[in-house]
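The values are calculated or read from the model by the stated rules, or taken from the named source; none is laboratory data. Not measured: the values here are computed from a predicted model. Methodologically, a virtual Cβ is constructed for each residue, glycine included, from the backbone with ideal geometry; neighbour enumeration extends over all protein chains shown. Only protein heavy atoms, including side chains, enter the accessible area calculation; ligands, DNA and RNA are left aside. Shrake-Rupley method; radii C 1.70, N 1.55, O 1.52, S 1.80 Å.
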Amino acid sequence: HEYFTATTSLINLLQSEHTIINVLQDYVSGVEKHIEVIKQFINSRRSVGEEVDEMADYVANPIQAYSLIKRMTIDLKAVEESTQVMATPDYVPNISYFRSAFYLPQESDLHGAANALLLLQETYKLNMSAMVRGFLQSNGPISPFQAEEQLTARDCLYLGKNSFNQGHYDNAIDWFKTALTKAEDEHNITVSREEIQAFLDIAVYAHNEILKERKDISIMPVIFFKHYFLFSPLGPFQLRPLEWEKNLRCRYFKGYHPYLLLQPIKLEEKSKKPYIAQLYDVISDKEIRKMQNLSMPYLQRSTHYGYSGFYEASQKRTSANTWLAEDQDPLAERLDNRLKMITGMASRYRHYEAEAYQIANYGIGGHYVPHQDFIQSIKDNLFQLDDFEARAGDRIATWMFYLSDVEAGGATVFPYVGAVVRPKKGSAVFWWNLKRNGEGDAMTYHGACPVLRGSKWVSNKWFRVNAQMFRKPCSLNEDTYFTDL
Ligand SMILES: O=C(O)CCC(=O)C(=O)O
Ligand SMILES: [Fe+2]
């Protein structure tokens, strides 16, 4: 259960917060009543001097004597009851109980959320001082929007520390400086200037040491690449030259089945080579809801193939996903049939023709750094593969449904060809991963830009090559491509 990777779990968290606040509110009003009893007791004694004479004078009055005895019996009893009630373990809200019962987030989640903010800041070149005011504003084509909350000086300090730990010393310095400014005019002080200054000094020192050591600035530390190579060379905002776009067409596509003659599909070409197209209205809202509901209980942190040779979870892919096969729900079977009509390709998972539907939800800053979908190593490792991999072959094509709109960010980008596909609920993107000789097409390198605002849902279907051999015949020539759908 990781909070920063999926938006759905954040909705639960917001509900948990509501429940806890209700409990705390009951507690506070209860405590206030008891405190009132105690305060009354404290205030009920009229001031009597410490002198023995004065005290003797006080008790000499029978009403005062009576009052004294009443205070020290009934009234004190009430105080005793109040203090006892307040000390009862059941009476005091048990936060650690809530923490485990509601699966409340851990510090690692906060860390992930902070890194997500930093990634968004970097990717969309967000203006830092605007960000501190809760205003997300970039110089790209994304309209600014305002959050209810602002960042405190302590938040800025925390973001600076995270930035520092990633080796982004310059950005860390900016955050620490911003924290100092913020601390100056903070009403409720969240952190002292001294504490911030100490971190600023360290960051400035580290920054200067690196510059001294590394005279050749063209050699960047690896850590720097981790985020920066993300959406290069074109970046998420830059569009490719019009020259590249002029041959791209929108058309009605009739697919590979007479059924589609009656209802051709709106197809928009995004790139000719490799062939990338977005197809509209290929899944209904009702089907989308069903898909989300089926997947929600099973969403798990996404992994990717790592250098270790194993699948791992990391900052490279921050989303949560699960799988849906044709025998798990009739919806998957219906979609399989539809995809077969549209693409002409065999689409059954249980027949080794394609993978099951991978359903994914991206959380705060959720993204997937550019990668290839093909596996390539399949033919080299035939003996080590599981049954499915060995029989199915590589991923000839990717079909990806967009199961949501995304208010800002979240585009699928192909940096080598400058193609940007924007999530549009009910649409899908399709591309060929392999050339016709079966080799991976490196130009299909693609990634998912971080979600700036909204919740992004997608569902992937990877068609496998072996089952398509008669429908999409291969070629010996390494320079032949599938040029169309
Ligand atoms: O979510 C996206 O836009 C791309 C996802 C992707 O590339 C993948 O899951 O392999
Ligand atoms: Fe991919």
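Taking the listed residues 409, 426, 454, 393, the one that is more than 10 Å from ligand 1 (Cβ to nearest atom) and either over 29 Å from residue 334 (Cβ atoms) or in the same structural domain as residue 123 (by TED's automatic domain parsing) (or both) is 409, with no other qualifying. Of everything in the stretch 409-445 that's assigned to a strand (DSSP E or B) and open to solvent by 10 Å² or more (accessible area, probe 1.4 Å), which residue is farthest from residue 362 (Cα to Cα)? Per the stated criteria, the residue is 440. Counting only residues that are of a type outside the set (A, V, I, L, M) and open to solvent by less than 20 Å² (accessible area, probe 1.4 Å), the stretch 169-188 holds 2 of them.
From the list 328, 292, 278, 358, which one is under 22 Å from residue 388 (Cβ atoms) and buried (at least 16 other Cβ atoms within 10 Å of the Cβ)?
358
Here residue 307 qualifies as at pLDDT below 90 and either within 14 Å of ligand 1 (Cβ to nearest atom) or over 28 Å from residue 408 (Cβ atoms) (or both). If you check residue 85 against the conditions, is it open to solvent by less than 80 Å² (accessible area, probe 1.4 Å) and of a type in the set (Val, Ile, Thr)? In short, yes. Residue count for the stretch 321-380 satisfying the condition of being assigned to a loop (DSSP other than H, G, I, E, B) and either of a type in the set (A, V, I, L, M) or more than 12 Å from ligand 1 (Cβ to nearest atom) (or both): 21. Residue pairs whose Cβ atoms lie under 7 Å apart, sitting 6 or more positions apart in sequence or on different chains, and linking a residue in the stretch 391-403 that is among the basic types (Lys, Arg) to a partner that is assigned to a strand (DSSP E or B) and open to solvent by 10 Å² or more (accessible area, probe 1.4 Å), are 395/462.
Name the single residue, out of those in the stretch 96-121 being open to solvent by 40 Å² or more (accessible area, probe 1.4 Å) and among the charged types (D, E, K, R), that is modelled with the lowest pLDDT.
Result: 107.
Inside the stretch 411-450, can you point out the residues that are among the small types (Gly, Ala, Ser) and within 14 Å of ligand 2 (Cβ to nearest atom)? Answer for the stretch 411-450, where residues must be among the small types (Gly, Ala, Ser) and within 14 Å of ligand 2 (Cβ to nearest atom): 411, 419, 428, 440, 442, 447, 448. Among the residues of the stretch 321-342, the one identified as farther than 13 Å from residue 459 by Cβ and in contact with a strand residue (DSSP E or B) (Cβ under 7 Å, 6 or more places away or on another chain) is 342.
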